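Written below as structure tokens is the structure these notes are about.
The numbers here are math on the coordinates, done by the rules we state, and not lab data. Since this is a predicted model, take the numbers as computed values, not measurements. Here the Cβ is made from the backbone with ideal geometry for all residues, glycine too, and neighbour counts use every protein chain on show.
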Amino acid sequence: MSRRDGILRELGLGPIWRLRDRPADVVADVATDAAAPLGVPPQLTLTTPVALGDDRAARIAAMGWDELKTAVADCRACALCQARKQAVLGVGDIDADWLFVGEGPGAEEDERGEPFVGQAGKLLDAMLAAIDLKRGEDVYIGNSVKCRPPGNRTPEAEETAACWPYLERQIALIKPKLIVALGRPAAQTLLRSEVKISASRGRLFEHQGIPLVVTYHPAYLLRTLHDKARAWEDLCFMRRTMKGL
Ligand code: URA
Ligand code: SF4
């Protein structure tokens, strides 16, 4: 067995991940074209008095975990509240050094109230295990949007913007040492700019002074075999980065 095959097997990235059908909870392909730029969408600024928006953001910025949980569970700030079964805040160690951020809940996450519990989640767990990490142990896992986009479509810019104060508050409460953006939507949410995963992986970014790296979304890796070796490189890069912090 080649070294690469061995590593991929260790990662759980061998043939067992070669799904026959596109899984139902697969989210948008990170390699597809640019999402709309982030930021407060024009229609919101036009119809929502700025002071109101600021007030909501300020309230969320002052919340503790209990308030945050309730606020997210009851949130109706964007259209994604309509079809969700439940909002999914995040899971894990609230003092974690590692924060992984995905795109948004899929069907199983919406059902169970926990991020990354479907097929993509199994791969994420294997990726974590490959660098000696475990869900819940020094690791927190969250998403860009807390409610499932219908049909697992990519969240719209206004949905991501409406949900952003929650993720921002989670980051402020957790104070992770390293943030890992999983896929393009998460990377764009956190970096507030157009991002291509292929051009951004292996580089060190920062979000408000917190080191940040980007890698492929596990749902993308499930169907793009040839990028799995790159995902392994990214895992090594993030582990090295963490060690150097
Ligand atoms: N994909 C995501 O981006 N997040 C989840 O929680 C599940 C699948
Ligand atoms: Fe609120 Fe975020 Fe859910 Fe939209 S996605 S309703 S902003 S919790």
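Here are a few things to note about the model shown:
- Taking the Cα centre of the range 22-243 as origin and assigning +1 to Lys and Arg Cβ atoms and -1 to Asp and Glu Cβ atoms, the resulting dipole is close to 400 debye.
- For the peptides 107-113, 144-150, the ranking by packing is 144-150, 107-113, with the highest mean count of neighbouring Cβ atoms within 10 Å listed first.
- Overall form of the range 180-245 per C-alpha gyration tensor (a/c, 1.5; a/b vs b/c): oblate
- Cα gyration tensor category, rounded, prolate or oblate, for the range 67-222 with a/c compared to 1.5: rounded
- Between HIS207 and LEU212, the built amide H atoms are under 5 Å apart, and every one of these is 5 or more places off in sequence or on another chain.
- Within the straight-line cut-off of under 29 Å between alpha carbons, the lysines reachable from LYS69 are LYS85, LYS122, LYS134, LYS146, LYS175, LYS177, sequence neighbours fewer than 8 places apart in one chain being disregarded.
- What the phi angles of the range 111-127 give under the Karplus curve with 6.51, -1.76 and 1.60, with θ = phi - 60°, is a coupling list of 6, 9, x, 10, x, 6, 10, x, 4, 4, x, 4, 5, 4, 4, 5, 5 Hz, glycine and proline written as x.
- Shape class for the range 73-125, computed from the alpha carbon gyration tensor (a ≥ b ≥ c): oblate, with a/c not under 1.5 and a/b at or below b/c.
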